[in-house]
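A.B. asks: Sharing a structure here in structure tokens format.
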Amino acid sequence: MKDDFVVPLNGLAQGRTEFHRSAGKEFFDRFENSEILDADLSVAVWVEKSGRFNGVDCEIDGQVTVSCDRCLEDLQMPVHTGFKLSVKFGSAVPSAENGAVRPETEGEREIVYLPESDADLDLSQVVYDYVCLSLPVQRVHGEGECNPDAIKYLDSLDGGSPEGEKDAQTPFESLRFLLEKKK
């Protein structure tokens, strides 16, 4: 399982090679991700090797299960993402400004540098990052799909208790008074 996303670049023949992998709950557990509860992802990787050029194209499709930000119930989110890498051997050239290495691109491809001694490219971290970045910031069920008990509790926090009584001692009640006075 740990080596599922390792691509043996030096062992590949010239031309295009295709790999198919899957990523589930165990994959995200390795990264100690508490946000993704479950996953069913299909990962297709194409490696193009031509001379010293190594291009890696990846498409990720499927779904992940996260907690709804509103009701905290499980929410299945679709995932459709991908990336294109250009793999170069050696080290990145630092920028002239502060000596730091800045991200480089070749057209639509991100450049990844591997040490000359490495023969394998581990895509685990890249796949993980792209899946996490593809998820929306706010993760909520569609209108009316949240757990009604949780919504009832949330509604009671907005202005009254579940029995319909208003608590005049909340700080928000005094703010409401100020807004009404302004009208």
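A.B. asks: With every protein chain kept in place and ligands, DNA and RNA left out, what is the accessible area per residue of segment 1-82? Probe 1.4 Å, answer in Å². Let's see the in-between values first.
C.D. replies: On the way: 4470 Å² over 82 residues.
For segment 1-82, the per-residue accessible area is 55 Å².
A.B. asks: A further question on this structure: Per q in 0.13, 0.21, 0.24, 0.31 Å⁻¹, report the Debye log10 I(q)/I(0) for segment 1-56, using one uniform scatterer on each alpha carbon and no solvent.
C.D. replies: -0.43, -0.80, -0.91, -1.24
A.B. asks: Taking amide H positions as placed 1.01 Å from N in the peptide plane, with prolines and chain starts having none, which residues 5 or more places from Asp38, or on another chain, fall under 5 Å of its amide H?
C.D. replies: Those lying under 5 Å, H to H, from Asp38 are Thr65.
A.B. asks: Rounded, prolate or oblate: which one fits segment 35-81, using the alpha carbon gyration tensor with axes a ≥ b ≥ c (rounded when a/c is under 1.5, else prolate when a/b beats b/c, else oblate)? Let's see the in-between values first.
C.D. replies: Details: a/c = 5.04, a/b = 4.13, b/c = 1.22.
Since a/c reaches 1.5 and a/b is larger than b/c, the shape of segment 35-81 is classed as prolate.
A.B. asks: Return the sequence-ordered ³J(HN,Hα) values of segment 5-13 in whole Hz as given by the Karplus equation 6.51 cos²θ - 1.76 cosθ + 1.60 applied to θ = phi - 60°, using x for Gly and Pro.
C.D. replies: 10, 8, 9, x, 4, 6, x, 8, 6
A.B. asks: Can you list the HN-Hα couplings for segment 25-35, worked out from phi with the Karplus curve (6.51, -1.76, 1.60; θ = phi - 60°), rounded to whole Hz and with x for Gly and Pro?
C.D. replies: 4, 4, 4, 6, 5, 4, 8, 6, 8, 8, 7
A.B. asks: If the cut-off is 12 Å between C-alpha atoms, which aspartates and glutamates fall inside it for Lys152, apart from same-chain ones fewer than 8 positions away?
C.D. replies: By straight Cα distance, Lys152 reaches Glu163.
A.B. asks: Quick one: if the Förster radius is 30 Å, what FRET efficiency do Glu143 and Glu32 give, using the C-beta to C-beta distance and rounding to 0.05?
C.D. replies: Working: r = 33 Å, r/R0 = 1.11.
Rounded to the nearest 0.05, the efficiency is 0.35.
A.B. asks: For Lys152 and Glu108 in the same chain, what is the full-extension length gain: residue separation times 0.36 nm, less their Cα-Cα distance, in nm? Write out the running numbers ahead of the final one.
C.D. replies: Values: separation 44, 0.36 × 44 = 15.84 nm, distance 4.78 nm.
Length gained, Lys152 through Glu108: 11.1 nm.
The values are calculated or read from the model by the stated rules, or taken from the named source; none is laboratory data. Just so it is clear, the model here is predicted, and its values are computed rather than measured. Cβ sites come from the backbone with ideal geometry, for glycine too, and all protein chains shown count toward neighbours. Remember, those area values only see protein heavy atoms, side chains included, never the ligands or the DNA or RNA. Shrake-Rupley method; radii C 1.70, N 1.55, O 1.52, S 1.80 Å.
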